[in-house]
Amino acid sequence: MTEPFVKRTWIDVDLDKLTANYRTACSLAPAATVTCVIKSNAYGHGAVRVAEALQQAGCGSFAVSCAREALELRKSGIRGEVFVMGLTEKSLLSAVISQNVTLTAGSVRDIMDMEDAAAALDMSVNVQIKVDTGFHRLGIECTQQQADEIAAAARGLRFVKLQGLFSHLGLVTQERDELQHKRLMQMHRWLAERGVVISDVHICDSIGLVRYPQWHHSRVRVGAMLFGVRPSRSEHMPFENPETLAFRTIISRIHQAKAGEVVGYGDDMVLDYDARIATLCVGYGDGYPRCLSNGRGKVCVHGQLAQVVGLVCMDQMMVDVTDIPQAREGDEVDLLGGGIPYMTYADWAGTNRNEAISILSRRPVRVYRQGGRIVTVLDSMLEERRDFE
């Protein structure tokens, strides 16, 4: 049977593995809410379709980075909690409050801006206070003065509901993590002493989930683990965490190149042998990093590794298939996932696994599989989605 999409460059997403990873996270934090972090287009997987699958699996809490990501989910019919963990621009406050989105405040000024926007709509808004416990990215300082200012502001709030208090671990050393956790709980106590009682406290992400079960509190925020990025230093733990994505393309042309010739832009890599070169329908515009040019990267063709030759272009790239005589035009090629594990690819690129999957652009078609068959094909460029019974 012909597959229901045109094979050029695409991303296969295994929804069964995704939901299995979600259930694993739930089993590791049985007393906490598991908030599924699907920012950055669900780490390259496609936020809406991923949220639908997780919602069907029982998830009622999602987190994103910005207001526009939250609005995309609401526009697509995602129910339950949608929590913006980063800055929300004042110009978008009304839009997200009207869609019952939970917001993050990193200052008293943020809280008051949210109160004003909610008052104008005559609607309440749930707000989580971010505390800077030493990560030095976002959040209020962990001081009694800040606790005083929040408590003073809280006495005048009519529309803002201070629902949660959270922070983010640096995950460098256990000693530093313990200090950060201690600071978060200190701020929680200071606020309670001033009459601001907050029940939702959280600090653990995917790594914290497995490394610090004693700090699960009311919720854990699980992102990378959902997508098969196994938390570091958890290899000894008895749970599966399969990769959920495979980035694929096809061979568009095969030709012969003579020794002494160069392939593609520049002359960084002059061939010193006669080679059989395959051109692939993919480049850095699709999310394959240019840093994997000139032999640093490899792809998988017929189960064998083929080295990248020359510079990766925006829309195409070339690989050496001299030692893969069975390679033909139209053959599938694994770029990431499948025959190329996330960690291997990330090591080649000098990055981490999160970036490797998150930089995949919206140009490749997303193909979602469940129960051994294709259930959805999403083409963001054409704004087309097809679902199959």
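The values are calculated or read from the model by the stated rules, or taken from the named source; none is laboratory data. Note that the structure is predicted; figures quoted are calculated from it, not measured. Here the Cβ positions follow ideal geometry from the backbone for every residue, glycine too, while neighbour counts run over all protein chains shown. Please note that ligands, DNA and RNA were not included when accessible areas were found on the heavy atoms of the full protein model with its side chains. Shrake-Rupley method; radii C 1.70, N 1.55, O 1.52, S 1.80 Å.
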Which residues, taken from the range 281-301, are outside any helix (DSSP H, G or I) and touching a Lys or Arg at 6+ places or on another chain (Cβ under 9 Å)? CYS281, VAL282, GLY283, TYR284, GLY285, ASP286, GLY287
Can you find a residue in the range 316-329 that is in a strand (DSSP E or B), open to solvent by 10 Å² or more (accessible area, probe 1.4 Å), at pLDDT 95 or above and of a type outside the set (Asp, Glu)? yes
Identify, please: which residue in the range 256-270 is within 13 Å of MET318 (Cβ to Cβ) and without any contact (Cβ under 8 Å) to a residue 24 or more places away in the chain and is, among those, least open to solvent (accessible area, probe 1.4 Å)? ALA257
The range 362-389 residues that are at negative phi, paired with ones that are of a type in the set (S, T, N, Q) (beta carbon under 6 Å, 6 or more apart): ARG362/SER380; PRO364/THR9; TYR368/THR376; ASP387/THR376
Criterion first (surrounded by 23 or more Cβ atoms within 10 Å (Cβ to Cβ) and under 18 Å from LEU280 (Cβ atoms)) does PHE227 satisfy it? no
Run down THR173, THR244 and say which single residue is in contact with a Leu (Cβ under 7 Å, 6 or more places away or on another chain) and either over 29 Å from VAL125 (Cβ atoms) or of a type in the set (Phe, Trp, Tyr) (or both). THR244
Conditions (1) surrounded by 19 or more Cβ atoms within 10 Å (Cβ to Cβ); (2) of a type outside the set (D, E, K, R); (3) touching a residue at least 40 places away in the same chain (Cβ under 8 Å) -> VAL64 fails only (3)
Checking HIS188 against (1) in contact with a strand residue (DSSP E or B) (Cβ under 7 Å, 6 or more places away or on another chain); (2) in contact (Cβ under 8 Å) with a residue 40 or more places away in the chain; (3) open to solvent by less than 50 Å² (accessible area, probe 1.4 Å); (4) farther than 30 Å from HIS302 by Cβ, which single condition isn't satisfied? (2)
Out of LEU378, LEU360, LEU335, sole residue that is modelled with pLDDT of 95 or more, open to solvent by less than 30 Å² (accessible area, probe 1.4 Å) and in a strand (DSSP E or B): LEU335
Filter the range 121-178 for residues that are open to solvent by 60 Å² or more (accessible area, probe 1.4 Å) and either part of a loop (DSSP other than H, G, I, E, B) or hydroxyl-bearing (Ser, Thr, Tyr) (or both) and give the result. ASP122, MET123, SER124, PHE135, HIS136, ARG137, LEU138, ARG155, ARG158, VAL172, THR173
Can you find a residue that is more than 17 Å from ILE198 (Cβ to Cβ), open to solvent by less than 20 Å² (accessible area, probe 1.4 Å) and of a type in the set (A, V, I, L, M) anywhere in the range 110-119? yes
